[in-house]
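Chemist: Have a look at this one before I ask anything.
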Amino acid sequence: MNQHDSSPHPGDKQSLIAQRQWAHYVRARDNGHSEYVAMAKKCDAFYQGEQWADADRKKLESEGRPAMTFNLILSTINAALGEQANREMQVSFLPTRDGTRDGAIVLGKLTQAIMQANNYHFLENFVFSDGVIQDRGYFDVRISFEDNLGGDVKITHLDPLTVMIDPEAKDYDPETWNEVMVTSWMSLDEIATKYGRAKADQLHSQIRSGDHYSYDSVQFGTNRFGGENFNADRVYGYELPEEKNIKSVRIIERQHYQWVKELVLVDPETGDLREAPQHRKPEEIYALAEKHGIQVMERAGRRVRWTVTADHVVLYDDWSLYRSFTIVPYFPYFRRGKPFGMVRNLLNPQEFYNKSRSQELHIVNTTANSGWITEEGSLVNMTEDELTERGAESGLHLVYARSSQPPMKIQPNHVPPGLAHISDTTAMSIQQISGMNDGMLGQVSPEVSGVALDRKTQRGQVQMGQPFKHLAFSRKLVGRKILELIQDFYTEQRTVTVLNPDDKDNPEEQVTINQINEVGEIINSVGGGRYDIAITSLPTRDNADEDEFAKLMDMRANGIAVPDDAIIRRSNLTDRERLADAVQKLLGRAEPTDEEVQMQQQLQQIEMQRMQAELDKLAAQAEQMRASAAKDLANAEKTAGGGRSPEMELEYQRIEAQIRLKQQELETRMRLAQITAQTRAQESQLRTAADMARTKFQGETQLAAARSNTDRNAGTQPAQADKKDQ
């Protein structure tokens with residue numbers, strides 16, 4: 001059987017699919033991907049310090065010359081990685097035509113929960129490092145059904161050497177690509193586990209019969225005594241297939257667009273169009289449209305086809321569950337379909353720097369023993385040949401004959417100043433090309449002021465603007481893909497937990513989506529609406545706390561009465577929250593706990609009962625005093641034989657006034673106690689209402705900031721960065 005790149009079964013539909021798949025792979029491989037892989041491996045090796053070619057190193061070693069490595073690329077790239085690590089992101093959604101503000105807030109919280117569950121900040125650091133070192137970085141955003149039958153958004157990062165994009169792609173946005181492929185090597189056991197035993201047996205049978213692509217499709221290993229394996233194709237060419245073990249087979253996973261007739265949902269009132277979920281059957285779409293009073297129409301559109309092959313065997317071929325590719329790229333620099341990173345342009349300066357510094361060391365080594373001038377026959381304790389061999393030893397003792405000239409050391413040549421200047425200039429050129437100055441590298445002398453250091457660092461960050469601008473665009477693409485998956489797969493009621501480390505009162509928030517209330521309305525629906533995505537860059541939590549702590553201390557030093565607990569909460573203490581709560585309680589500013597509130601209410605109730613009893617007792621005493629006073633006045637009148645005297649009238653009025661004052665005092669105390677109880681009860685309600693208002697305000701503030709950020713960045717995204725209606 002012919003083992004070259006041709007299909008043995010042109011009439012077989014599956015073979016035609018596999019042949020077409022292999023042709024697309026070969027086309028991408030031979031049109032730039034192989035060259036990219038070689039360059040990416042070289043860039044990665046330089047970053048790790050492997051900067052000498054084996055042939056050059058062996059040649060220098062054979063000549064007794066040093067091959068030194070002074071890895072300036074490592075510190076330069078690490079400075080860029082540190083800048084990215086200090087920049088966290090926040091995704092916000094802006095409602096457009098049929099979106100709502102409440103829906104945008106819920107989507108923002110749900111996206112935050114998804115990114116927290118996937119450790120997005122760490123994944124982004126891996127993708128960013130792939131981009132600046134190996135020119136390209138890739139996210140993979142898809143639905144995983146491992147932990148939830150309804151599906152959860154899963155974000156991973158891919159090895160850029162295994163991702164092959166459309167050779168004809170000219171734009172950054174993957175929606176403009178025709179295809180994207182991810183290749184890998186799998187053993188037959190792995191293929192059987194993932195795609196079925198029948199596919200693995202079919203593949204094994206074809207390869208054993210010699211019916212396979214001869215190059216770059218199958219890896220063989222030959223068993224030898226002692227357990228050593230080697231690739232037989234690379235050593236002996238076309239060895240007999242039955243004498244070789246199948247080590248692994250190349251898997252080609254290709255996502256590509258095809259033009260088809262697609263179903264579109266039409267709103268009869270507004271005329272808005274929306275693609276029907278592609279993972280639903282047509283009858284389900286029509287039933288859903290009839291239920292909600294919308295129309296369905298057909299039109300020509302692109303749909304993602306997902307094809308997986310291994311050599312001549314088709315492992316999977318069907319329509320994708322997703323409306324777009326799962327691959328999201330990151331390119332630090334991008335020009336008309338040609339992405340490149342930071343290390344690529346530093347290779348030649350780094351090589352030149354290593355060679356110049358190695359040459360300096362070679363000159364120093366060769367001139368250390370420059371030689372001796374002696375008079376013939378003047379040496380006593382050694383011969384001239386021995387002096388040649390031992391002339392560079394420390395503490396060398398020479399004895400020369402009387403009346404002869406003493407031996408003289410030949411003065412060595414100095415290192416050429418031009419060579420040292422070349423090394424310094426080359427080191428400076430690496431900083432100039434990368435845009436990393438001394439301030440960003442942390443190599444500023446101690447006499448430089450903090451203000452000057454900040455300004456120098458900011459100037460360096462300007463030169464890093466393009467990689468971070470493209471990072472912001474990749475973040476937006478990730479947010480767009482997450483929105484697509486949420487609206488297509490998060491259709492049932494779910495409850496997610498959102499962590500709010502900045503909110504002490506509500507560190508964890510439970511958000512329920514698609515919840516149906518008593519009247520049948522859907523609360524926090526995320527299945528519909530169109531939203532634009534806005535990305536806001538934020539400093540990391542540690543950096544923000546340090547900055548706020550310094551500002552609070554400066555305010556305290558300037559006489560501003562900053563509370564002690566507020567300063568403690570911005571410190572780096574491990575138990576700062578507990579210490580701040582204790583200080584706040586000592587100052588009498590702490591919010592009462594539920595137990596304390598309940599105890600205070602009980603004490604107030606007891607106090608009110610005591611005051612009521614005291615008031616009743618006072619009323620009885622007042623009646624007794626009135627009766628006694630009336631009796632005394634009556635006796636006085638009888639004794640006096642007439643009406644009450646002015647003195648008696650004044651005494652009676654005095655007693656009545658005392659009784660009224662006592663009653664008013666006790667009634668006032670009763671009313672104050674009741675007001676206090678009502679106030680404490682209302683405080684709890686006000687705190688709850690304030691928390692709800694603060695949450696809503698934060699959401700609206702995020703939307704406003706996101707809208708402002710979108711307006712500010714309008715027109716600055718890479719080509720084809722227009723928003724996509726969701």
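Chemist: Through the Karplus equation 6.51 cos²θ - 1.76 cosθ + 1.60, θ set to phi - 60°, convert the phi angles of region 172-189 into ³J(HN,Hα) values in whole Hz; use x for Gly and Pro.
Modeler: For region 172-189, the Karplus-derived couplings read 6, 5, x, 5, 8, 7, 8, 7, 8, 10, 10, 10, 7, 10, 10, 7, 5, 5 Hz, x marking Gly and Pro.
Chemist: Name the residues whose placed amide hydrogens come within less than 5 Å of the amide hydrogen of residue 143, ignoring near sequence neighbours (fewer than 5 apart) on the same chain.
Modeler: 154
Chemist: Consider a paramagnetic label point 7 Å from the Cα of residue 521 along Cα→Cβ; state which residues of region 477-493 have an amide N under 19 Å from it.
Modeler: 493
Chemist: Given H placed on each backbone N at 1.01 Å, which residues far from residue 435 in sequence or on other chains put an amide H within less than 5 Å of it?
Modeler: none
Chemist: Between residue 185 and residue 375, with labels modelled 7 Å along Cα→Cβ, what's the label distance in nm to one decimal, could you check?
Modeler: 7.4
Chemist: If you don't mind, there's one more thing I want to ask. Please go through region 369-426 and write out the trypsin sites (Lys or Arg not before Pro) that DSSP classes as loop and that have at most 13 other C-beta atoms within 10 Å.
Modeler: The qualifying sites are 402.
Chemist: Below 13 angstrom from the Cβ of residue 490, what's the summed charge of the other residues (Lys, Arg +1; Asp, Glu -1)?
Modeler: With Lys, Arg at +1 and Asp, Glu at -1, the net is -2.
Chemist: Give me, ordered by chain and number, the residues 5 or more places off residue 220 or on other chains with an amide H under 5 Å from its own placed amide H.
Modeler: 232, 233, 247
Chemist: What dipole magnitude, in Debye to the nearest 20, does region 14-115 give about its Cα centre under +1 on Lys/Arg Cβ and -1 on Asp/Glu Cβ?
Modeler: 280
Chemist: Counting heavy atoms of the protein chains only and a 1.4 Å probe, report the per residue accessible area for region 124-231 as a whole number of Å².
Modeler: 45
Chemist: Which GluC sites (Glu not before Pro) from region 92-178 combine a DSSP loop assignment with at most 16 other Cβ atoms within 10 Å?
Modeler: Those that pass, being in a loop and sparsely packed, are 146, 168.
Chemist: Provide the net charge surrounding residue 178, with neighbours chosen by a C-beta distance below 12 Å and charges set as Lys +1, Arg +1, Asp -1, Glu -1.
Modeler: Combined, the nearby Lys, Arg, Asp and Glu give 0.
Chemist: Sticking with this one: Could you run the Karplus curve 6.51 cos²θ - 1.76 cosθ + 1.60 with θ = phi - 60° over region 380-397 and give me ³J(HN,Hα) per residue in whole Hz, x for Gly and Pro?
Modeler: With coefficients 6.51, -1.76 and 1.60, one gets 10, 8, 6, 8, 5, 5, 5, 5, 4, 6, 9, x, 9, 6, 6, x, 5, 10 Hz.
Chemist: Working out 0.36 nm times the residue gap between residue 146 and residue 674, then minus their Cα-Cα distance, what length gain in nm do you get to one decimal?
Modeler: Details: separation 528, 0.36 × 528 = 190.08 nm, distance 5.80 nm.
Here the segment from residue 146 to residue 674 would lengthen by 184.3 nm.
Chemist: Moving to a separate point now. How large is ³J(HN,Hα), in whole Hz, for each residue of region 201-216 in order, when computed from phi with the Karplus curve 6.51 cos²θ - 1.76 cosθ + 1.60 and θ = phi - 60°, using x for Gly and Pro?
Modeler: For region 201-216, the Karplus curve yields 5, 4, 5, 4, 5, 5, 5, 5, 7, x, 8, 8, 5, 7, 10, 6 Hz.
Chemist: When each pair of different Cα atoms in region 1-114 is counted once in the 1/r mean, what is the Kirkwood radius in angstroms, to one decimal?
Modeler: 20.9
The values are calculated or read from the model by the stated rules, or taken from the named source; none is laboratory data. Nothing here was measured: the structure is a model prediction, and the numbers come from that model. Cβ: placed from backbone, ideal geometry, glycine included. Neighbour counts: every protein chain shown. Keep in mind that these areas ignore ligands, DNA and RNA; they rest on the heavy atoms of the full protein, side chains included. Shrake-Rupley method; radii C 1.70, N 1.55, O 1.52, S 1.80 Å.
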